[in-house]
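Beneath this line is the structure, given in structure tokens, with notes to follow.
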Amino acid sequence: MQMKITLALAFLGWSLAQAAAQHSDRIGDWPQWRGLNRDGLSRETGLRKAWPEGGPKLRWSTREVGIGYGLGCNLYQIERNAAGFAVTEVYASKSIVNHHGGVVRLGDHLYGHSEGAGWTCQEFKTGKVIWQDRGVGKGSITYADSHLYCRSEDGPVALVEAIPDGYREKSRFRQPERSSKKAWPHPVIAGGCLYLRDQELLLCYDVQAK
């Protein structure tokens, strides 16, 4: 019996892992790089669908935490057969030229930032672009509770509906005490909180629905 495995490859520029810990099955945990399954998807629900003016409530912050390259994306199909493996390129696309912010796959679609084009929704199986929007500018992405958390490397954070129908931004805010450096660390959702790191500053926002 032939087994087909589909892999998405070559989204370059994934940032270095920020945490390493043992596997955990608790929903509120974020034990390793980009979450429980390393896919940038949080399984949390019951979160705010919009933020108040100025952003969600800041729970705490601390300074004690230390301080795309134009290639696009390819999809390969790997088939296992009697001779071993056969690799077929399904498509090579420049629709998502991702530098450091990562992408998330939700069903049949990928979401992420593309250099020169903005935030992008792309069909996973075909590479077809569904929509693109400049949004908050180049940055990193995380998903939780039907929304994308898009963090610009220049500071602003946007809450965007995770739908293929179009870019629908619900809220955005700017963190206090922004450094002069690019904000490359990915946003993290855990325990009803949004965590942002900016150099030595770590911020924890309450995004739990009330």
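The values are calculated or read from the model by the stated rules, or taken from the named source; none is laboratory data. Nothing here was measured: the structure is a model prediction, and the numbers come from that model. Positions of Cβ are backbone-derived with ideal geometry, glycine not excepted, and every protein chain shown enters the neighbour counts.
Going through (1) surrounded by fewer than 17 Cβ atoms within 10 Å (Cβ to Cβ); (2) within 14 Å of ARG48 (Cβ to Cβ); (3) more than 15 Å from the chain's Cα centre (by Cα); (4) modelled with pLDDT of 95 or more one by one, ARG168 falls short only on (2).
With the structure loaded, tell me whether ARG105 is more than 22 Å from ASN37 (Cα to Cα) and of a type outside the set (Gly, Ala, Ser) or whether it fails that test. Here the answer is no, as ARG105 does not meet what is asked. Among the residues of the range 114-131, those that are part of a strand (DSSP E or B) and either crowded, with 18+ Cβ neighbours inside 10 Å or β-branched (Val, Ile, Thr) (or both) comprise SER114, TRP119, THR120, CYS121, GLN122, VAL129, ILE130. The residues of the range 49-104 that are assigned to a loop (DSSP other than H, G, I, E, B), more than 30 Å from ASP206 (Cα to Cα) and modelled with pLDDT of 80 or more, listed by number, are ALA82, LYS94, SER95, ILE96, VAL97.
Annotation for the range 185-195: no member residue is farther than 21 Å from ASN37 by Cα and either among the polar types (S, T, N, Q) or under 13 Å from the mean Cα position of the chain (by Cα) (or both).
Being of a type in the set (A, V, I, L, M, F, W, C) and over 20 Å from GLY101 (Cβ atoms) is the filter; apply it to the range 178-209 and report the residue that is modelled with the lowest pLDDT. Here the residue is ALA209. Residues in the range 176-186 that are crowded, with 22+ Cβ neighbours inside 10 Å and either of a type in the set (Gly, Ala, Ser) or under 12 Å from GLY155 (Cβ atoms) (or both): ALA183 only.
Filtered by the rule that a residue be within 16 Å of GLN132 (Cα to Cα) and either buried (at least 19 other Cβ atoms within 10 Å of the Cβ) or of a type in the set (S, T, N, Q) (or both), the range 74-98 gives SER93, SER95, ILE96, VAL97, ASN98.
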